[in-house]
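The structure appears right after this line, and notes come after that.
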Amino acid sequence: MSSKPHLSQRAIVAYNRLSREVAALNYLVRVAKPSGTLGEIGRECLDRALRIANRLYRREPGLPAFGRIDTREALTAADVSLLVARLSAAGIAFEERYAHLTASGQSAQAARLSADGLPSPHA
C-alpha cells in the first residue's frame, strides 16, 4: 500500500476547474487591477470559486475553509485580493500534496526506481 495520498478523477476535474477560476481572478487582481468595487458578475465568479474550493478541500487536513460571500454586497479591491491570495495559497499547498500525480512527479518517481521496479539504492 502506498503512503502517498490518492486523488479521484472527479477531484482532479474539480481542481482543474478551480485552477482556471483562480487564474482568472489572479489576472483580475494582479494585471487588470480594477478600481472601485467588484461588480455582481465578479462577485458571482468569486463565490463560485469559493464553493468549488470548499467542496474540494473540505477533507484535506491543513487546508483552509472559505466562507461564502454575499453576492449582493460590494467587495473592495482589498477584500478580493485577500480572498484570491488565500485561494492561490491553498491551491499551491494542494498541488504540492499531490505532486506525485502530475506528469513531472511521475517521471521523477520513475527515475528513482531501478530496472526491476524497486527503489534504487543510488537515488
Worksheet item: Is there a residue in segment 16-31 that is modelled with pLDDT under 90, on the phi < 0 side of the Ramachandran plot and surrounded by 12 or more Cβ atoms within 10 Å (Cβ to Cβ)?
Response: no
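Hey, can you tell me all the residues within segment 52-84 that are in a helix (DSSP H, G or I) and surrounded by 13 or more Cβ atoms within 10 Å (Cβ to Cβ)? First the steps, then the outcome.
So the first thing to find is which residues in segment 52-84 are in a helix (DSSP H, G or I), and the list is 52-57, 77-84.
Matches in segment 52-84: Ile52, Ala53, Asn54, Leu56, Tyr57, Ala77, Asp79, Val80, Ser81, Leu82, Leu83, Val84.
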Worksheet entry | Count of segment 1-41 residues which are in contact (Cβ under 8 Å) with a residue 24 or more places away in the chain and assigned to a helix (DSSP H, G or I) | 14
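The values are calculated or read from the model by the stated rules, or taken from the named source; none is laboratory data. Quantities reported herein were computed from a predicted structural model and do not represent experimental measurements. Glycine also receives a Cβ, built like all others from the backbone with ideal geometry; neighbour counts cover every protein chain displayed.
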